[in-house]
Structure formats: C-alpha cells, structure tokens
Amino acid sequence: MKNYLLAVFTLLTITLYGQDGDEAAILEVMSKQEEAWNNFDLEEFMDGYWKSDSLKFFGKSGVTHGWEQTLARYKKGYPDKSHTGTLNFKIEQISPIETNSYYVMGRFYLKREAGDAEGIFMIIFRKIDGEWKIISDISC
C-alpha cells in the first residue's frame with residue numbers, strides 16, 4: 001500500500017509539474033506576442049498562431065479562416081503604430097482541455113493614439129510539433 005501511495009503521489013507531482021511547465025510555455029508565447037505587437041511587428045505577433053488554413057479567428061466582423069487571412073485582417077485593422085499602440089494581456093484563466101490543448105481566457109488592453117480599446121478573449125492553444133500555437137481565437 002505504501003508503494004502504491006508513493007507511485008500515485010509521484011505521478012500526480014509529475015502531472016502537475018507538466019501542466020505548470022505547459023502553462024509557463026503558453027504564457028511565454030503570449031508575452032512574445034505582446035512584445036511583437038508593441039514593436040508594430042504583426043508578422044512576429046502572428047508567430048504565436050498556427051500557420052494553417054485551419055486556424056480560426058472569431059471577432060466582431062465574423063469568422064476569419066486561415067493564418068494568411070488572419071494576418072491580412074490584422075494588417076487592415078491596425079495599419080500603423082497609432083492603431084496598434086501598446087498591448088497588455090490580463091490572463092483570467094488558463095486550463096487544460098485535453099493532452100496538449102489548453103484554453104486561455106482573459107482581457108486585452110490597447111493604449112494608443114487612435115483611441116484606447118479593450119476587450120475579452122478566449123484562445124485555444126495546441127502543442128504542434130513541440131510548440132504551443134493558437135489554433136482558435138475568439139476576441140471581442
């Protein structure tokens with residue numbers, strides 16, 4: 001019985017540590033996105049997204065399908081630094097969905113010359129080829 005409890009405790013510790021490591025890696029992706037956005041580097045910002053036609057972005061204007069189309073949407077909506085301004089994320093919750101998938105819920109804040117903006121988001125991350133990528137983004 002003692003060995004069984006030790007095995008369960010060890011497995012639980014490894015599982016929780018793995019989740020913490022995954023969460024830290026996901027938060028690092030989002031931190032890099034903030035930095036890229038604040039440097040008006042939309043292509044680098046998009047590095048956090050899955051470079052696939054299956055990427056889905058749902059915003060005020062509806063659903064955008066695909067990485068290229070999502071980048072084009074960002075470029076149209078944020079044509080210059082006065083529109084991108086300074087981005088800050090506030091993470092409200094990050095939780096596993098299944099193995100190698102998490103959802104992140106939070107708020108975004110844009111301080112900018114074109115007028116400040118803020119909203120909410122829920123994004124889904126999946127580990128693809130060893131990297132955490134956003135596969136779905138709902139922002140409004």
**OP:** Could you identify the single residue in S95, S82 that is among the hydroxyl-bearing types (S, T, Y), out of contact with any Ser or Thr (no Cβ under 7 Å at 6 or more places or on another chain) and farther than 30 Å from G21 by Cα?
**Re:** S82
Original post:
Pairs, please: C-beta under 8 Å, at least 6 apart or cross-chain, first residue without any contact (Cβ under 8 Å) to a residue 12 or more places away in the chain and closer than 16 Å to L27 by Cα and in the range 95-117, second surrounded by 11 or more Cβ atoms within 10 Å (Cβ to Cβ) and of a type outside the set (G, A, S)?
Top reply: S95/Y102; S95/Y103
Original post:
For the range 40-78, how many residues meet the condition of being buried (at least 16 other Cβ atoms within 10 Å of the Cβ), polar (S, T, N, Q) and closer than 19 Å to V29 by Cβ?
Top reply: 1
Original post:
Restricting attention to the range 118-127, does a residue exist that is surrounded by 18 or more Cβ atoms within 10 Å (Cβ to Cβ), more than 20 Å from I26 (Cβ to Cβ) and more than 12 Å from the chain's Cα centre (by Cα)?
Top reply: no
**OP:** Among what's in the range 1-39 and is loosely packed, with under 14 Cβ neighbours inside 10 Å and among the charged types (D, E, K, R), pick the residue that is modelled with the lowest pLDDT.
**Re:** K2
Original post:
Tally time: how many residues in the range 34-58 are part of a helix (DSSP H, G or I) and touching a strand residue (DSSP E or B) at 6+ places or on another chain (Cβ under 8 Å)?
Top reply: 4
Original post:
Which residues, taken from the range 67-107, are within 15 Å of S136 (Cβ to Cβ) and among the acidic types (D, E)?
Top reply: E98
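The values are calculated or read from the model by the stated rules, or taken from the named source; none is laboratory data. Bear in mind the structure is a predicted one, so any value in this text is a computation, not a measurement. No Cβ is skipped: glycine too gets one built from the backbone with ideal geometry, and neighbour counts run over all protein chains shown.
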